[in-house]
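As structure tokens, the structure follows; a few thoughts come after it.
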Amino acid sequence: MKKKFLWRISLIATATILSVLFFLPSTSLVSSLPEWLMKYGITLGLDLQGGVHLVYEVDIDKTVDVTAERIASSLANTFKEKKIEAKSEKQGLDIVISPDNDQVKKTVQEQFPNLSLDKQSEGKVFYRLNSAEVNRIKNFAVDQALETIRNRVDQFGVAEPTIHRQATNEIVIQLPGVKDTKRAIELVGKTALLQFKLLDDEAPIAAQLPGTIPPGGEENLLKQFAGQVPEDDEILFGRMRNQETQIESKTVYLVKKQTLITGDFLTEARVNIDQRYNEPYVSISFDSTGAKLFEQVTANNVKKRLAIILDNNVYSAPAIQERIEGGNAQITGSFGMEEAKDLAIVLRSGSLPAPLKMLQNVTVGPSLGKDSIDAGIKAGLIGAILVIVFMIMYYKLSGVIADFALVLNIVFLIGALSAFRATLTMPGIAGIILAIGMAVDSNVLMFERMRDELRLGKTPRAAIDSGYDKAFWTIFDSHVTTLITAVVLYEFGTGPIKGFAVTLGVGVFINLFTALIGTKTVFDLITSRREVKKLSI
Amino acid sequence: MIELIKNTKIDFMGKRFIALAVSAILTIIGLIAAVQVARGTANLGIDFAGGTAVQIKFNTSVMLHDVRKALEDGGIKDFDLQDLPTENKVLIRIKKSGSNIGELSKGIVSVLSQKYSQGNVVVDSTTEIGPKVGSKLRKDALVAVLVATLGILIYVAFRFQFKFGVGATIATFHDVLAVLGIFFLIGKEINLLLVTALLTIAGYSLTDTVVVFDRIRENLRTKFKKSTSEIVNQSINEVLSRTIVTSFTVFLSSLALFIFGGEVIHDFALAMILGIIVGTYSSIFVASPIVLMLGKDKGFNKK
């Protein structure tokens, strides 16, 4: 007789021990654990530990546009070099070449075999990037954006970031546990396009522009001077902070549109401290090509001012004193230490190939997450006590057995979640608490069946057996329907909802196990020892 | 043996027309709510409508109208304010923000930081959903509801006879619509978490229906002499205590969640509580009468 229970009891005991073991790494109860165990445990979701969940869209059309623009100007250069009388310009999606003759077409084919002839009319040839090339450019842009963001996040220092691609041109970034969320978002989303352009101090309008304006006045200023700005120039702004008053203002710059050097040639960017003003600045170094370019630009433009521009914000515009060799430069500006550090990070990891557009931002501060956990634990404990007390009052000793199953249920559920290294979210906690209420349902169904059988005059032993048998299918059906819900929620849900689906789904199996094997074993044990005359139910 | 309900002989089926009237009203409200949700005119959450929600925790207590004034002066438009007075928290929501997401939340925080000094303003959470994501989430939620209902329907059809399947499906729809309708009526936000609750309710309410159906099916097999109506009535009376007890235990844990579970999960818990009550009611007053009506004439007493 005893042998019959032995495997069931040892199964329950093993499951309990395993559950506790797997959960241990998530607690601070034991200081040193074997290494194989350390990888288990429950991970807290973003909503519980705080952090950032971002979805960005990479503006891939823009990348294609920029590529076409580059090809058009590159072709114009080639024509000039080869002394071919031809013009090349970009119109919409087309690269338009005129005049239409064989020499021109041959040059285009040699230089850019990926261009396909779109149409010919009025002595012009219209070329377009072929679709394979367009796809390659788009794909490459997203891959590069991913890589750049990974780089930045790594250097920023986030414990377990998740950065992946979604659909064709979306990037999902999860940064759990980040405290300074605002800084993280700015770091990730910055295009970080570094450009060096000359100021145009000779244009007549340059003297009319105000030196500084209060922040927020940019749009008005642009409107005011619209039409007066020379075709090759643009107005850009720089941020200034007065050291004494800490009041911010915007410096107005008239800048030539032509980009002389870009950040593509950077090899290094470091934060240094200016000894005189005790202000941080970022020193940058160019590679050999960049250094040569920089030397050329500085040599040709002595006494002119060179603006250092990041994402269309002018950081500084020092006057060139002399030719600069060696390829080192400094970016100064009114920034604090953290800002300088982040600037160095984005410069080191390179610019994004295309601007990012934020589609979704879910940020949870660390305090809200902690409040949620505390509230969840409190609600869980109170819920469990209410259910446990009710079951004992209503079903007496049998209620105690059901409560035993309930406790097993929760232990197994937490253990299983730990073993799967599942992510626990607030809805997930709600799922566990609901599971407390649902865990005893199967037992209630069986107990009520037993009561039916007892009323019919059956012995306790027979009542228990037929109670279990008859209630089985009802219990099974109800679990399957819950499982269907869980699977659907998992398929269609996002982050926190997935967490709920996991607890709900895992809970179904555990509940079946504890109800059918857990409590049954206890009943069998009690009735096997001696002849039970009366069942406490 | 403690029994809450002893040997009841309530004539449930006799009251089925009153119940059907009540259910019809609940269902109609639910249908109206569903249409409003689809049209985007209901009180949709930020996750469905797109927009910005910022929850700020102040270290000292603040007056809601001061916050409102500060935001208005700071040029923030079309916002909703909601306070959680127990913890000095204020929730600022702006629906259907333009395409420039990311800027709005920054603006809100900087306006409030200026007014209330930086140290006093702690950003609890920020949610910004672009219009594209919002409509995708809305579509996903709809598909999820349909797939789940279909899945449940197929399972019930597989396990029970046709008329039981019809009864269970209608009862499940009834429960989901009723809770959605109540949320719509009391102006609660309809968001992803509510949809999760609704699906959970769909699964759970069926549990309850299955308990009743199992007994009806069993009694139909064993008690030939009685009329169908009597059998249905007797079955419900027999299982009344267990459907109430099973619902009650889940009700208890949902109640604990509702009272102590914190702000994030508050409405979810409310939906579960409503769902449990409606689900228990519908097993008796919606699912069973439908079985009775469909099975009145023939083939019912054979098995």
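Every number here is computed from the coordinates shown, using simple stated rules; none is lab data. Since we're looking at a predicted model, the values are computed, not measured. Quick reminder, even Gly has a Cβ in these numbers, built from the backbone with ideal geometry, and neighbours come from all protein chains shown.
Worth pointing out:
- A straight Cα-to-Cα reach below 20 Å connects A:K83 with the lysines A:K105, A:K106, A:K124, residues fewer than 8 places away in its own chain not being considered.
- The range B:46-128, Rg to Rh (Cα coordinates; Rh as Kirkwood inverse mean 1/r): 0.93
- log10 of Debye I(q)/I(0), alpha-carbon scatterers only, for the range A:216-314 at 0.14, 0.15 Å⁻¹: -0.75, -0.85
- Basic side chains Lys and Arg get +1 at the Cβ, acidic Asp and Glu get -1 at the Cβ, and with that the dipole of the range B:51-129 about its Cα centre reaches some 60 debye.
- Size of electric dipole in chain A: Cβ of Lys, Arg +1 and of Asp, Glu -1, about Cα centre, debye, nearest 20: 2700 debye
- Partner lysines whose Cα lies under 27 Å from the Cα of A:K520, excluding those fewer than 8 positions away in the same chain, are identified as A:K2, A:K3, A:K4, A:K396, A:K458, A:K470, A:K533, A:K534, B:K6.
- Rounded to the nearest whole angstrom, the semi-axes of the ellipsoid equivalent to the protein assembly as shown, taken from the Cα gyration tensor as √(5λ), stand at 66, 30, 26, largest first.
- Stokes-Einstein diffusion coefficient of chain B, Kirkwood radius over Cα pairs, 20 °C, 1.002 mPa s, in µm²/s: 99 µm²/s
- Which of B:T27, B:L81, B:Q234, positive extreme of dipole for chain B (C-beta unit charges): B:Q234
- Cα convex hull volume per residue for the range A:60-134 (Å³): 74 Å³
- q = 0.09, 0.10, 0.14 Å⁻¹, the range A:190-363: log10 I(q)/I(0) [Debye, one scatterer per Cα]: -0.33, -0.41, -0.83
- Dipole of the range A:462-537, positive end: most advanced residue of A:T503, A:F523, A:I484 [Cβ charges, Cα centre]: A:F523
- Here the Karplus curve 6.51 cos²θ - 1.76 cosθ + 1.60, taken at θ = phi - 60°, turns the phi angles of the range A:141-147 into couplings of 4, 5, 4, 5, 4, 4, 4 Hz, with x standing for Gly and Pro.
- Sorting A:K341, A:K534, A:K82 by the number of Cβ atoms found within 10 Å of their own Cβ, with the fewest placed first, yields A:K534, A:K82, A:K341.
- Each Lys and Arg Cβ is given +1 and each Asp and Glu Cβ -1; about its Cα centre, the range A:60-134 then shows a dipole of about 180 debye.
- Residue-averaged 222 nm ellipticity for the protein assembly as shown, from DSSP H runs of 4+ at -39500 (n - 2.57), nearest 500: -19000 deg cm²/dmol
- Length available on full extension from A:K179 to A:I517: 0.36 nm per residue minus the Cα-Cα distance, which gives 117.1 nm.
- Relative contact order (percent, whole number), the range A:60-134, Cα cutoff 8 Å, 6+ residue spacing: 25 percent
- Sites matching GluC sites (Glu not before Pro) across the range A:64-153 that sit in DSSP coil, with at most 14 neighbouring C-beta atoms within 10 Å: A:E85, A:E122
- For A:Q120, the shell of other residues with beta-carbons less than 10 Å away shows a net charge of 0, using +1 for Lys and Arg and -1 for Asp and Glu.
- Once the Cα atoms are used to define both axes, helix B:103-116 deviates from the longest principal axis of chain B by about 60 degrees.
- Toward the positive end of the charge dipole of the range A:121-212, with +1 on the Cβ of Lys and Arg and -1 on the Cβ of Asp and Glu, the farthest Cα among A:P204, A:V188, A:V158 is that of A:V158.
- Contact order for chain B, expressed relative to its length and based on alpha carbon pairs under 8 Å spaced 6+ residues apart, stands at 25 percent.
- Here B:M272, A:M391, A:M358 are placed in order of increasing Cβ neighbour count within 10 Å, fewest first, which gives A:M358, A:M391, B:M272.
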